[in-house]
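Below: the structure, in structure tokens.
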């Protein structure tokens, strides 16, 4: 029995087209390996790994090793991202931020706790490398943020910490901490028929068998894409360009959209079926549903994003005894993820199998983010977010306290020197039209503030920094120049080609890089303008109009002329004062001479009086 989508035709045979001249060596080797396996009598292994060691698979030995410790259907999310909401929000706590010369911005949050009559401090330390959580004791009589930071990371050296004093602080911090939490996932689902050994064959299957339809009904509900209101997963819900139906499921408050190869549009004149691969090839995790016992090689599909595959093979499909054999393979830098396969790797068709498989898919994508390719992007994104968080906390604190921002490195310079620098910069800019900041080159103001969705319950009571009603810069409701880190309908990591090939600006591509698009760009493109100094909003608006620049220069010239006139007035006053001083000195000399003459006259008169007194006594 064959099942096809409304736009699909008859089932095609498993013919093997000749290899492309430009076929990658790895794909050629995978085809040769699979053909060698198929040349042997069955049964065949579900997964055939490359000899290069670039992939690992989860088999019975691994299952026996991990099964007892990781057999629960639990999401392997980063629990640290939930600690601020769990332990701090709504309780009295303090947050400080600072700067380390090596590690960059530092944001530390702590609160006091009493456990078994002993005072402890629960601390969250946010760095570019990640968020660290610990409970610290014995901090002495004067616990300080510097001491707490040293306990967690001894190599940190922060000269000064600044307190967060704003009602919007908890909302900003919560948005940063929870940006790694995802509620939207998209997974590929590839249909493999017996004997298919090439990527083109997998994506060229026009329709699927009843066994796959039975599996799809178990995994989710078939929905009409037209006007679909749930998570879209990058599929077109308005014009039907990505097919009419797809498989969608809500699972433990998470939304999942499957990119089913046979439900995506089939192009007659496209042997590679790039429209299908555009979606599935840009997912991180994919299910490979095998029609029957046939081998699959993880390196047979060329993709920068696909890092993990879950291979499902039906046993006695469309019967009351339907079972599924499952294998798992992933790239070597993807860590192990649960739940663990049972030793038999076989499941009965049941809700338990559905729960296991969906949990396995979600944990697989979480593990893929730890692979080297995505870990670098995630670190750059986290770095940009942390810088944005510190800037927002500083700005909101200054606004709340009514403090005018003072430049970190104030520079005292005379007006004349500044004017000469301005004129020199303008003249150099005219002579060299390629100088940054001039009009000859297009300027893009890319002030990306990457933000996550802030829950409505992010309100704190009794804290030094609690959420307010005002929408902060890092709020998801702020539309201009923001790129939300919350899960997008297009993908989990869209709009960035890892190999450096840019996508068109408005292309609705499902590349899998949208949430980290700013990881490749600076947090703020801020060019220093010689006319207005540091402009925090990006490129100075004066550069947009040369006439405005000249008007500004003329204004500064008038100010300089005015200062020169004031200087001349001061010089005149100085000359007048010097003349007065000269006159006073001359008068002082004249008075000094008169005083000397008067003193001599007094001495003479005293001597005369003395002589007169002596003569009168003799006469008597």
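Rule-based calculations on the coordinates, nothing more; no lab input. Just so we're clear, the structure is a prediction, and the values are computed from it rather than from any experiment. Heads up, the Cβs are rebuilt from the backbone with ideal geometry, glycines too, and the neighbour counts pull from every protein chain shown.
The length gained by stretching the chain between residue 332 and residue 113 to full extension, at 0.36 nm per residue less their Cα-Cα distance, is 74.6 nm. For the pair residue 599/residue 226, report the inter-label distance in nm, with labels modelled 7 Å from Cα in the Cβ direction. The modelled label-to-label distance comes out at 12.0 nm.
Put in order of Cβ neighbour count within 10 Å, fewest first, the listed residues 368, 318 become 318, 368. For a Förster distance of 25 Å, can you work out the FRET efficiency between the beta-carbons of residue 586 and residue 563, rounded to the nearest 0.05? Computed FRET efficiency for residue 586 and residue 563: 0.10. Pair-distance distribution P(r) for region 79-167, from all Cα-Cα distances in 5 Å bins starting at 0: 3, 13, 27, 26, 19, 9, 2, 0 percent. For the pair region 157-184 and region 213-284, the centres of their Cα atoms are 36 angstrom apart.
For residue 576 and residue 141 in one chain, what is 0.36 nm times their gap in residues minus the Cα-Cα distance, to one decimal in nm?
Residue separation times 0.36 nm, minus the Cα-Cα distance, leaves 150.0 nm.
Mind sorting 136, 190, 581, 287 by how few other Cβ atoms lie within 10 Å of their own Cβ, fewest first? Numbers along the way, then the final one.
Details: 136 15, 190 26, 581 10, 287 23.
In order of increasing Cβ crowding within 10 Å: 581, 136, 287, 190.
So, R0 is 30 Å and r is the distance between the beta-carbons of residue 555 and residue 398; what FRET efficiency does that work out to, to 0.05? Given R0 = 30 Å and the Cβ-Cβ separation, E is 0.55.
Computed from label points 7 Å out along Cα-Cβ, the spacing between residue 91 and residue 370 is 2.7 nm.
Report the extension gain between residue 210 and residue 270 in nm, rounded to one decimal, defined as 0.36 nm multiplied by the number of residues separating them, less their alpha carbon distance. Write down the numbers at each step before the final one.
Numbers: separation 60, 0.36 × 60 = 21.60 nm, distance 2.59 nm.
Contour length minus Cα-Cα distance gives 19.0 nm.
Here region 284-317 is scanned for amide nitrogen atoms under 20 Å from the site 7 Å beyond the Cα of residue 217 along Cα-to-Cβ, giving 289-292, 312-317.
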